[in-house]
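J.: Sharing a structure below in structure tokens format, with a few things to ask.
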Amino acid sequence: MTLRTASLQPRMVLQVALGAGTLALASSALGAPRDQRLSYTDDTSTTMTVAWNTDADSPSEVKFGTSAGQTTQTAAGTSHQAAGALGFVHEVTLKDLKPSTEYFYIAGSQADGYTPEKSFRTGPVKQESCGAFKFVYLGDNRPDPTFGGGENWPQILGQSVAQQPAFALNGGDLVIEGDQIDQWVDFLKWTSPVASSIPFMPSIGNHDTGPGEGDGANFNQIFALPRSSGTHGSGTEDYYFFRYGNAIFVSLSTEGFSGGTPKFADQAAWLDEVLTNNPARWKFVFYHKPTYTHEALFSISHGPNESGQNAAWVPVFDKHHVDFVFTSHNHWYERFEPSACATAGKADSNTACSMGATAFDKGTVYIVSGGAGAFTIPGMLCGSESGRAKCSGSHHYIIFDINNETLKMDTWGAAPQANEVIDSITVTKSAVTCTDPPDGGASDASSDDAAGGDAGADAAVQTDAAAGSGGAPGQGGAPGQGGGAQDASAAGGGAAGEPEATPASGSSGGCGCRTVPHASAVSAIAWLLIGAAGWLRARRRR
């Protein structure tokens, strides 16, 4: 019996090989990384979290280094399956990085390929008071099925990063319907070109919710954010905080989560704990629905305190002298005069607690910013509002420029309007001088001096009249007018009665900061030393 062996013809071999190659390419394409984005989940000076999506599960790997094209270090992370076309979300946290250092990175895997090389910069040493940095706030970039607007977001975001912010905050409403996967896919496509180079830190809006709550919602599936911990923390990413240099940033939630309610009292207790344990020179809080806002003519906008958060939160803002509170929800720009409403019963009305246009030593500045892409409410419908310093219906973004004790805020009108400043203020706190600490030693400043404590007590303000920031109709003058000495000191870079700060000596490491003695005090000390020296000489001659 003769056995016959089947042999493959050359053409058949080629077909099999091509088929296997096609399957391999298809598998590789499904695992190809896309939509990479950065965020802070830990110490902003020594860590950075990179997230991206793939259509099929694949290894989670980031290669990085401090020189372009030299990504020789490797970090691994985790992945989880999100809904539908979101595919798999990968998260890798890079650790033990150097502060104030540029890093280059690629994300993906050896098997499925890597993203194009991008770079980011780590933050300064925690509580460092000497470094200058910028950040941008945006909100309500969502498209609208009736009025459109989706095409505005990439333009506005691109204009804002031209100002070179270190990171971006967003007040929510990133999409129109949070349970619609295709809208998140579009959002990531439009946002990742920027978010792959600077951290993007959002707060959840009412349009971003669903399906479900907590970790199962698309918002929480997509973003890698810090988890609120401590006695009153939720354990989720719905509210969180991070430190950057001499500032603290806290995101709260006006939306339901992990049980169906926003739990304002729990968030207030957690916020009080966070601000107590993390003293900072500058304090910022952001969330979606406004504490204070004006309901536009014909009731086409939202009213203040829509979710009822004010009674729980405002007293905590006042207790810790939060400098700025950013919100969105209404599709325009509003800035209110500094206010303090420690009595919860007054917390629904900014009118009852406005401290005046220049009272930065007494109150918190509340800002509504909902013009990052969605249709905006015409400025002609702003109406009049006691305690409001500025209202505009332009698309916009806000740049904050912090340099030690001085903060400059510029609100820029953006696409499709002209890119021009529509509001501007400068706030200056008590001046400090900065010196490098001894090698390997801690700063010679106390935590209250270095981090600021309640440093707002000596704040002054300057309002840029050229930006059109006059008082609201019916108010007694534009903010910044009638405050002569304060305004002049702010323009000069030091608070009233305080000399200007001495810059740091150039080290990117930590710096110790202490209040500068008044010139008169320095003079008195000098004369005292001279007198003592003369007395000692006289004693020796005897």
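The values are calculated or read from the model by the stated rules, or taken from the named source; none is laboratory data. Being a predicted model, the structure only gives us computed values, none of them experimental. A quick note on method: Cβ atoms are made from the backbone with ideal geometry, for glycine too, and the neighbour counts reach across all protein chains shown.
J.: Among the residues of the stretch 49-79, which ones are farther than 30 Å from residue 180 by Cβ, part of a loop (DSSP other than H, G, I, E, B) and among the hydrophobic types (A, V, I, L, M, F, W, C)? Let's see the steps before the verdict.
T.: Going residue by residue through the stretch 49-79, those that are farther than 30 Å from residue 180 by Cβ are 61, 63-76.
Applying the additional criterion that residues be part of a loop (DSSP other than H, G, I, E, B) yields 66-72.
Passing the criteria: only 68.
J.: Considering every residue within the stretch 100-110, establish whether at least one is out of contact with any Gly (no Cβ under 8 Å at 6 or more places or on another chain) and modelled with pLDDT under 95.
T.: Looking through the stretch 100-110, at least one residue is out of contact with any Gly (no Cβ under 8 Å at 6 or more places or on another chain) and modelled with pLDDT under 95.
J.: For residues that are more than 28 Å from the chain's Cα centre (by Cα) and either within 17 Å of residue 104 (Cα to Cα) or of a type in the set (Gly, Ala, Ser) (or both), tally how many sit in the stretch 50-72.
T.: In the first step, residues of the stretch 50-72 are kept if they are more than 28 Å from the chain's Cα centre (by Cα); the result is 55-59, 69-70, 72.
From what is left, the residues that are either within 17 Å of residue 104 (Cα to Cα) or of a type in the set (Gly, Ala, Ser) (or both) are 56, 58, 69-70, 72.
Adding up the residues that qualify gives 5.
J.: Which number in (1) part of a loop (DSSP other than H, G, I, E, B); (2) more than 17 Å from the chain's Cα centre (by Cα) marks the one condition that residue 289 misses?
T.: (2)
J.: Using the structure shown, decide if residue 240 is in the same structural domain as residue 305 (by TED's automatic domain parsing), touching a residue at least 12 places away in the same chain (Cβ under 8 Å), in contact with a Pro (Cβ under 7 Å, 6 or more places away or on another chain) and not β-branched (Val, Ile, Thr).
T.: Working: in the same structural domain as residue 305 (by TED's automatic domain parsing): yes; touching a residue at least 12 places away in the same chain (Cβ under 8 Å): yes; in contact with a Pro (Cβ under 7 Å, 6 or more places away or on another chain): yes; not β-branched (Val, Ile, Thr): yes.
Spelling it out, residue 240 is indeed in the same structural domain as residue 305 (by TED's automatic domain parsing), touching a residue at least 12 places away in the same chain (Cβ under 8 Å), in contact with a Pro (Cβ under 7 Å, 6 or more places away or on another chain) and not β-branched (Val, Ile, Thr).
J.: Residues 286, 264: which one is in contact (Cβ under 8 Å) with a residue 24 or more places away in the chain, crowded, with 22+ Cβ neighbours inside 10 Å and not assigned by TED's automatic domain parsing to the domain that holds residue 90?
T.: Working: 264 fails: crowded, with 22+ Cβ neighbours inside 10 Å.
So the residue among 286, 264 that is in contact (Cβ under 8 Å) with a residue 24 or more places away in the chain, crowded, with 22+ Cβ neighbours inside 10 Å and not assigned by TED's automatic domain parsing to the domain that holds residue 90 is 286.
J.: Of the residues 247, 280, which is more than 29 Å from residue 332 (Cβ to Cβ), small (Gly, Ala, Ser) and either modelled with pLDDT of 95 or more or crowded, with 22+ Cβ neighbours inside 10 Å (or both)? I'd like the intermediate steps shown before the answer.
T.: Details: 247 fails: more than 29 Å from residue 332 (Cβ to Cβ).
One residue alone meets the criteria, 280.
J.: Sticking with this structure for a sec: Go through 101, 74, 93 for me and flag whichever is outside the structural domain of residue 179 (by TED's automatic domain parsing) and without any contact (Cβ under 8 Å) to a residue 24 or more places away in the chain. Spell out the reasoning first.
T.: On the way: 101 fails: without any contact (Cβ under 8 Å) to a residue 24 or more places away in the chain; 93 fails: without any contact (Cβ under 8 Å) to a residue 24 or more places away in the chain.
Going through 101, 74, 93 in turn, just one is outside the structural domain of residue 179 (by TED's automatic domain parsing) and without any contact (Cβ under 8 Å) to a residue 24 or more places away in the chain: 74.
J.: To continue, here is another question. For the stretch 179-205, name all the residues that are assigned to a loop (DSSP other than H, G, I, E, B) and closer than 25 Å to residue 135 by Cβ. So that I can check it myself, show each step before the final result.
T.: From the stretch 179-205, those assigned to a loop (DSSP other than H, G, I, E, B) are 179-180, 196-199, 203-205; that's our starting set.
If the condition is that a residue be assigned to a loop (DSSP other than H, G, I, E, B) and closer than 25 Å to residue 135 by Cβ, then 196, 197, 198, 199, 203, 204, 205 are the ones that fit.
J.: Another one. Restricting to the stretch 187-216, name every residue that is under 14 Å from residue 173 (Cα atoms) and of a type in the set (Gly, Ala, Ser).
T.: Within the stretch 187-216, 203, 205, 210 meet the criteria.
J.: While we're looking at this one, here's another question. Of all strands (runs of 3 or more DSSP E) completely enclosed by the stretch 80-143, which ones contain at least 2 residues that are buried (at least 21 other Cβ atoms within 10 Å of the Cβ)?
T.: On the way: elements: 88-94, 102-109, 118-121, 132-138.
By residue number, 88-94, 102-109, 132-138.
J.: If I ask for residues that are crowded, with 18+ Cβ neighbours inside 10 Å and of a type outside the set (D, E, K, R), which ones from the stretch 160-175 would you list? Steps first, please.
T.: Step one: list which residues in the stretch 160-175 are crowded, with 18+ Cβ neighbours inside 10 Å, which gives 160, 165-175.
160, 165, 166, 167, 168, 169, 170, 171, 172, 174, 175 - these are the residues of the stretch 160-175 that are crowded, with 18+ Cβ neighbours inside 10 Å and of a type outside the set (D, E, K, R).
J.: Additional query: Within the stretch 416-430, count every residue that is closer than 20 Å to residue 141 by Cβ and at pLDDT below 90.
T.: Of the residues in the stretch 416-430, 4 are closer than 20 Å to residue 141 by Cβ and at pLDDT below 90.
J.: Kindly indicate whether residue 69 is within 14 Å of residue 36 (Cβ to Cβ) and not assigned by TED's automatic domain parsing to the domain that holds residue 211.
T.: On the way: within 14 Å of residue 36 (Cβ to Cβ): no; not assigned by TED's automatic domain parsing to the domain that holds residue 211: yes.
Judged against the criteria, residue 69 is not a match.
Listed here are the residues, each with its yes/no results for (1) under 25 Å from residue 209 (Cα atoms); (2) touching a strand residue (DSSP E or B) at 6+ places or on another chain (Cβ under 8 Å).
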{"residue": "29", "(1), (2)": "no, no"}
{"residue": "43", "(1), (2)": "no, yes"}
{"residue": "67", "(1), (2)": "no, yes"}
{"residue": "89", "(1), (2)": "yes, yes"}
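J.: Right, another one. Could you count how many residues in the stretch 214-240 are more than 29 Å from residue 276 (Cα to Cα) and in a loop (DSSP other than H, G, I, E, B)?
T.: Within the stretch 214-240, residues that are more than 29 Å from residue 276 (Cα to Cα) and in a loop (DSSP other than H, G, I, E, B) number 1.
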